[in-house]
Every structure is written in C-alpha cells, then in structure tokens.
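J.: Provided herewith is a single structure, encoded as structure tokens, for subsequent inquiry.
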Amino acid sequence: MRSIGELARASGLTVSALRFYDRCGVLTPALVDPVTGYRWYAGEQVAPARLVAGLRRVGLPLAEIGVALRHRHEPAVVGRLLDAHLRRLEDGLADVRRELSRIRALLDPEEIVMTTTITLAAGDLAAAVDAVRFAVGGDPELPVLSGVLFDVEPDGVRLVATDRHRLAVARATGAVDGPVARALLPVVVVDALRLLLGAGPAPAGSAAGGAPDAGTATVTLTGTQVAVAVGGREVAAPTMPDDFPDYRRLLHPVTGEPRAHRYPVDAAALRAVLRAPDLPTVRREHDGRAYAVTVLGADDRGLRVVGPDESTAGLRVGVDGRYLLDALDAAGDGQLVLELDGPIAPLAIRRRDDEDAFSILMPIRL
C-alpha cells in the first residue's frame, strides 16, 4: 500500500488533486482509515494515476478522464476519445486565430485585408448548401441566425445553420489558398447561390431542386465580402456583420465519444409515417400555445413513432415532427442513422454515406 503522498510523488499529481479525484469518484483509494480518514492506494493504482496526470495536462474534461480510466484496457475506445479531444483543441486554436485576426482589424483598420479562396466541386457545394438551408432561422429579433455560416478549414469549408431548435452541419472538401476564415451569408445570398449552383429555389423543409452544376466553384472571402463563381457566373455580396454562435460546443455529442444509441432508419419510410394524417402525437403547452409533440420509441425492435399510450421497453424521446421531417427531407433518400443519448439530449440525424453532413434536433421534454 502507498500513502497519498507516495502516490502523488509517483504519479505527478498533487495531494490535493488526488483528494479531488477521490471526491469525484475518478480515482478512489483502495483503503480509507475509518478513524483518521487517511487514504491508502494499492501499487497497481500508480499506472492509472499517471494516466490521469497525463490526461489532466492536455486538458481532457473530467467526465472523459473517467471514461478513459474505465476503458484503459481498450485502446480503440480511448483512442477515439483522444482523437475527439485533439479535434476540439485544433478547432479551438482555429477559432482563436480567427478572433485574433478580427481584433487586429479592429485595432488597425488600415491593416491589409487577407483573401481566402476555396476551389471545390460545384456539386459538393450545392449538396452542402441544401443540407443546411432548412435550419436557417427566421426570427427578426435574432438576425444573426438568418444566414448560413461558411467556416473555412485547412482542407475545405463547413456550412452551418441554426434557428436555436435545430442545427445543421455539412462539409465540402476543397483546395484552400489563404488563411482560415469565416463568413456569415444572408439567406437571400444563400438562395441566390443555390440558383447559381443549379440546385433550384427549394424552400425550407422541402427536398432539393434540380441537379447541381457538375463544374468547379470558387469561393472568395475578402474582408467583409464573399463571391462565388461557377462557369463564368458569379454571386457576390457583403457578409453579415454579426458574430455567429459558437456552434462547436454543440458538436461534441455528435463528433466525440460514440452516442449511446444508434438506430438505422429508412428515410422514405419514416417520412411517410410523419406525413400520415393520423400521426399519433402528444399535446404540450408552452407560453400559452399548444404544440403537437411526436414521440419516438427506441428499444430492441429499433426506432419508431409511438402513440401517447404505447409503452416501449427502451428510450422515449419527444420531438417536433415538422422539424424532424425537415431534417429527413434535407438528408435525402436511403438509409439514415438517428443517434440518441437520452430523453433530454440532442437527437442527431446523419447520412450513412456522409459522416460530415448531419443535423441536431433539440428534444421536447415529455
């Protein structure tokens, strides 16, 4: 047995840190003296303590340190956890760089404006636009949500839209020339871009329009301006001045540790159920208004729409059926995967053939 001081010296953790991890249930001592309360640790706890110390140094959240300890003999599980954390750190660094560039521009308006150009397949850009358009907000009191964010990454661009109740993300890979950047495009510009790309003016909640252009698209971001050129035609407009919300905080449940429940669904079949005139719903009220809530039941039979009084052996999640239908329409036909973590955790809808395109739908408490 080792005293708490000996384990601290052997692991690189402080005594106070060991006490903290004991209180949190992450690294509990093998024995606690019932009289003095002194903590004693077994020799085989040195390696887990060193693992905690290393994970703490790289800033892994406490809950994920606990997961890593529980699965420390499963390298694949811990590897996915570390990969997700590394992506978060890289995304955070990119955000810091963008914010510092914005601050420098505020401090020195005469600073040379940097230009970023992304060259990519027009069809890929059209598909990304159609995958997120349905989630654009329409609340006049939240103008920052009435557009689509173009978030440039080193190897492409990520498109994001949200109205607070749902969030849609899609990605298009391309060649990037210039620094990482981001631009918020007004919805009228996004719809003009859809026409330019040949996608057609599909309104929110409807399927995509005609076949997209098969050529190459060039997206150019210069300061507060954006231009998209395809086949000799161009859409150019000023970007919105508002700061888009930090959407990456919502992405962790989707892009990090695998979700607790994954259910394959046929998109066309589920759409047919949601459009049925006799769709069973639950009535709920909020701010004096009545809402129809669609209930998804998940058990060993899979995921399906259930009635208000129908019992299931597993999870029950309430959603706005119209919003779910919008997400299914945007995802297209074929097999989709719906991912759940619990009755009050966001529901993720993703295509099996494109892990970079997905939407998040906030649940409604039943």
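J.: Among the strands (runs of 3 or more DSSP E) contained in the stretch 199-314, which hold 1 or more residues that are exposed (fewer than 12 other Cβ atoms within 10 Å of the Cβ) and at pLDDT below 85?
T.: 282-286, 289-299
J.: Shifting gears a bit: Would you kindly identify the helices (runs of 4 or more DSSP H) lying entirely within the stretch 55-139 that contain at least 3 residues that are in contact with a Gly (Cβ under 8 Å, 6 or more places away or on another chain), of a type outside the set (Phe, Trp, Tyr) and modelled with pLDDT under 90?
T.: Details: elements: 62-70, 75-107, 122-132.
Hits in the stretch 55-139: 75-107.
J.: Name the residue that is surrounded by the fewest Cβ atoms within 10 Å (Cβ to Cβ), counting only residues in the stretch 7-27 that are more than 14 Å from Leu69 (Cβ to Cβ) and touching a strand residue (DSSP E or B) at 6+ places or on another chain (Cβ under 8 Å).
T.: Only one residue tops the list, namely Arg19.
J.: Right, something else. Give the residue that is nearest to Val265 (Cα to Cα), with candidates limited to residues of the stretch 331-348 that are surrounded by 13 or more Cβ atoms within 10 Å (Cβ to Cβ) and free of Cβ contacts under 8 Å to residues at least 60 places away in the same chain.
T.: The selected residue is Leu347.
J.: Okay, next question. Within the stretch 183-198, take every residue that is open to solvent by 20 Å² or more (accessible area, probe 1.4 Å), at pLDDT 85 or above and not hydrophobic (A, V, I, L, M, F, W, C) and give me the one that is nearest to Ala127 (Cα to Cα).
T.: Asp191
J.: Another question, then. Looking only at the stretch 156-182, count how many residues are at pLDDT 90 or above and open to solvent by 10 Å² or more (accessible area, probe 1.4 Å). Let's see the steps before the verdict.
T.: Narrowing the stretch 156-182 to residues at pLDDT 90 or above: 156-163, 166-177.
Now restrict to residues that are open to solvent by 10 Å² or more (accessible area, probe 1.4 Å): 158, 162-163, 166, 171, 173-177.
Adding up the residues that qualify gives 10.
J.: Being in a strand (DSSP E or B), within 16 Å of Leu328 (Cβ to Cβ) and more than 11 Å from the chain's Cα centre (by Cα) is the filter here, so list the residues in the stretch 351-366 that pass it. Spell out how you get there, then give the answer.
T.: If we filter the stretch 351-366 for residues that are in a strand (DSSP E or B), which is where we start, we get 351, 354-361, 364.
If we keep only those that are within 16 Å of Leu328 (Cβ to Cβ) as well, we get 351, 354, 357-361.
Within the stretch 351-366, Arg351, Asp354 qualify.
J.: Would you mind stating whether Arg351 is over 22 Å from Arg194 (Cα atoms), out of contact with any His (no Cβ under 8 Å at 6 or more places or on another chain), surrounded by 16 or more Cβ atoms within 10 Å (Cβ to Cβ) and of a type in the set (Lys, Arg)? Working first, answer last.
T.: Details: over 22 Å from Arg194 (Cα atoms): no; out of contact with any His (no Cβ under 8 Å at 6 or more places or on another chain): yes; surrounded by 16 or more Cβ atoms within 10 Å (Cβ to Cβ): yes; of a type in the set (Lys, Arg): yes.
The answer is no for Arg351.
J.: To continue, here is another question. Which residues, counting only those in the stretch 28-49, are assigned to a strand (DSSP E or B) and open to solvent by less than 30 Å² (accessible area, probe 1.4 Å)? Before you say what the answer is, go through the steps one by one.
T.: Filtering the stretch 28-49 down to residues assigned to a strand (DSSP E or B) leaves 31-32, 39-41.
Listed by number, the list holds a single entry, Tyr41.
J.: Given (1) within 21 Å of Ala135 (Cα to Cα); (2) in contact (Cβ under 8 Å) with a residue 60 or more places away in the chain, identify the lone condition not met by Arg284.
T.: (1)
J.: Another one. Scan the stretch 138-172 for residues that are within 25 Å of Gly223 (Cβ to Cβ) and either out of contact with any strand residue (DSSP E or B) (no Cβ under 7 Å at 6 or more places or on another chain) or hydroxyl-bearing (Ser, Thr, Tyr) (or both) and jot them down.
T.: Matches in the stretch 138-172: Leu142, Pro143, Val144, Ser146, Glu153, Thr162.
The values are calculated or read from the model by the stated rules, or taken from the named source; none is laboratory data. Nothing here was measured: the structure is a model prediction, and the numbers come from that model. So basically every Cβ, Gly included, is an ideal-geometry build from the backbone, and we count neighbours across all protein chains shown. Only protein heavy atoms, including side chains, enter the accessible area calculation; ligands, DNA and RNA are left aside. Shrake-Rupley method; radii C 1.70, N 1.55, O 1.52, S 1.80 Å.
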